[in-house]
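*Asks:* Please see the structure below; I have some questions.
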Amino acid sequence: MMITRRHLLVSTVAGVVSGCATLATARLQPVDGRLRLVVSDHMGLDRANGFLKVQPIGSKQVLYVLADGEGGYLAVSPTCKHRGCTVDVAGERLECPCHGSQYARDGSVLRGPTQEALDRYVTTLSPDGVLTISLEGPRA
Ligand code: FES
């Protein structure tokens, strides 16, 4: 299936923005195992500590898209590797509310009790600002 810029814009605009004031959720239609989003359509993603919670339509799985501070973007699973709680985005790091583990924005461990990094998804950013996230299994 050919993805046009119009299709991307429609998909992104159709994404439902909801949730609390600190973490909006964009629901995006996966195509061929990938999510695509136009970065400039999501307010705040281009900031140093920008982030967006994304839920593929038809899935309960969610992921966080995080600005890396160098013009790129990372996508990580929010599931803490200690005992499975959902981590929160807290500025430059991610924090688990259950037992205090902390992760860097790239998912690496900053503080235990967790011993394992968050799962990461492969991302690519095109020169025209379209971020593609592969859902073909998170990569640690
Ligand atoms: Fe995250 Fe225990 S579940 S620190």
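*Asks:* Can you tell me which residues in the range 71-88 are modelled with pLDDT under 95 and either more than 20 Å from ARG36 (Cα to Cα) or over 13 Å from the mean Cα position of the chain (by Cα) (or both)?
*Replies:* Within the range 71-88, just GLY71 meets the criteria.
*Asks:* Residue pairs, Cβ under 6 Å, 6 or more apart or interchain, first in the range 76-92 and in contact (Cβ under 8 Å) with a residue 12 or more places away in the chain, second of a type in the set (Val, Ile, Thr) and near the ligand (Cβ under 9 Å from one of its atoms). List them.
*Replies:* From the range 76-92, the pairs are PRO78/THR86; PRO78/VAL87; CYS80/VAL87; LYS81/THR114; HIS82/THR114.
*Asks:* I need the full set of residues from the range 113-138 which are over 13 Å from the mean Cα position of the chain (by Cα) and surrounded by 13 or more Cβ atoms within 10 Å (Cβ to Cβ), in order please.
*Replies:* Of all residues in the range 113-138, those over 13 Å from the mean Cα position of the chain (by Cα) come to 113-117, 125-130, 136-137.
Answer for the range 113-138, where residues must be over 13 Å from the mean Cα position of the chain (by Cα) and surrounded by 13 or more Cβ atoms within 10 Å (Cβ to Cβ): PRO113, THR114, GLU116, ALA117, LEU125, GLY129, VAL130.
*Asks:* For the range 87-122, what are the residues that are more than 15 Å from the ligand (Cβ to nearest atom) and under 15 Å from VAL62 (Cα atoms)?
*Replies:* ARG120, TYR121, VAL122
*Asks:* What is the one condition in (1) within 16 Å of the ligand (Cβ to nearest atom); (2) exposed (fewer than 13 other Cβ atoms within 10 Å of the Cβ); (3) closer than 19 Å to ARG27 by Cα that SER77 does not satisfy?
*Replies:* It is condition (2) that SER77 fails.
Quick grid of which residues meet (1) at pLDDT 90 or above; (2) more than 16 Å from the ligand (Cβ to nearest atom); (3) in a loop (DSSP other than H, G, I, E, B):
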site	(1), (2), (3)
ARG6	no, yes, no
SER11	no, yes, no
ARG27	yes, yes, no
GLN61	no, yes, yes
GLY69	no, yes, yes
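The values are calculated or read from the model by the stated rules, or taken from the named source; none is laboratory data. Fair warning: this is a prediction, and the values are worked out from it, not measured in the lab. Methodologically, a virtual Cβ is constructed for each residue, glycine included, from the backbone with ideal geometry; neighbour enumeration extends over all protein chains shown.
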